[in-house]
């Protein structure tokens, strides 16, 4: 068991010990109300998750582990823009109107919409790249407002992702980059990737994806530029559509770096990422702290400390690629 996993389980175990006190702090018969706002998740309004929806399922499991049962200690209201980010402001306002005790916002666009909708309801922003730069919090240590949570990126995450991709395809000098252009993280990734590419002597070709139905044509157009490998930005859009992305890239035998292990399990070549389930289970701990009286302004934003390198050798064989032994030795999980 990894050190990061042990720390996570320790945190959950600690939550189990104090969970009964959460119920004691409630008014008799009145459950806490949680609002969940998502960007791309195929999540029904009634909080019935799609089987592929890792984030909401993990949040719900984390709350259950902390002693919160739906319909008893908590109720949950859900909204998802299902890829149409223009809907997020309206959905956020709808959730504020149900008077939740806390809003859990999944990733950047949902977090920004939630913050715009309320300055008083506590918000737990989950998997958000650069929350300080985006104006969600004043600082990671002292958020200073009604938003706290868990950041998506460590300082060297993007550079390491590009480095690992370069190691899988050492002859590649041009790297394609696929990302959802409507997500503010696109420009964050672009800036960090361009800096990392200089040190690695790589040329980057960026392509902004807009609609899921265009993934095949987007990948086809990128492939025609002659890129030797592809980095897929880790965003809600690319996570939800990992299946079509894996299929389109595999069809063209393009080595690709993903931001989730789930994409590699679906047939992608390589990923470097945090465990998404553990991140959203950790969000449940933040919700618990807020229920017990903690203020978001005083709860430091956490940054991930454990990233997992996952490699699919079956995919490498299919596209005719040999993974260097030095990279395999550093892998946390190998699919063969």
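The values are calculated or read from the model by the stated rules, or taken from the named source; none is laboratory data. These figures come from a predicted structure and were not determined experimentally. As a convention, Cβ positions derive from the backbone with ideal geometry for all residues, glycine included, and neighbour counts pool all protein chains shown.
Of 253, 234, all but one fail to be touching a helix residue (DSSP H, G or I) at 6+ places or on another chain (Cβ under 9 Å) and surrounded by 23 or more Cβ atoms within 10 Å (Cβ to Cβ); the exception is 234.
Just so you know, in the stretch 293-322 the residues that are touching a strand residue (DSSP E or B) at 6+ places or on another chain (Cβ under 8 Å) and over 22 Å from residue 161 (Cβ atoms) include one that is surrounded by the most Cβ atoms within 10 Å (Cβ to Cβ), and it is 296. For residue 285, the conditions (1) surrounded by fewer than 17 Cβ atoms within 10 Å (Cβ to Cβ); (2) in contact with a helix residue (DSSP H, G or I) (Cβ under 9 Å, 6 or more places away or on another chain); (3) over 27 Å from residue 191 (Cα atoms) all hold with the exception of (1). Residues in the stretch 128-168 that are out of contact with any helix residue (DSSP H, G or I) (no Cβ under 7 Å at 6 or more places or on another chain), part of a loop (DSSP other than H, G, I, E, B) and crowded, with 19+ Cβ neighbours inside 10 Å: 4 in all. If you filter the stretch 156-172 down to residues that are within 20 Å of the chain's Cα centre (by Cα) and free of Cβ contacts under 8 Å to residues at least 40 places away in the same chain, you find that the one that is farthest from residue 271 (Cα to Cα) is 156. The single condition among (1) more than 24 Å from residue 278 (Cβ to Cβ); (2) modelled with pLDDT of 95 or more that residue 149 does not satisfy is (1).
Of the candidates 203, 224, the single residue that is touching a strand residue (DSSP E or B) at 6+ places or on another chain (Cβ under 9 Å) and free of Cβ contacts under 8 Å to residues at least 40 places away in the same chain is 203.
Residues in the stretch 108-127 that are in contact with a helix residue (DSSP H, G or I) (Cβ under 7 Å, 6 or more places away or on another chain) and not in a helix (DSSP H, G or I): 118, 121, 122, 123, 124, 125, 126, 127. Residues of the stretch 74-107 that are assigned to a helix (DSSP H, G or I) and without any contact (Cβ under 8 Å) to a residue 40 or more places away in the chain: 86, 87, 89, 90, 93, 94, 97.
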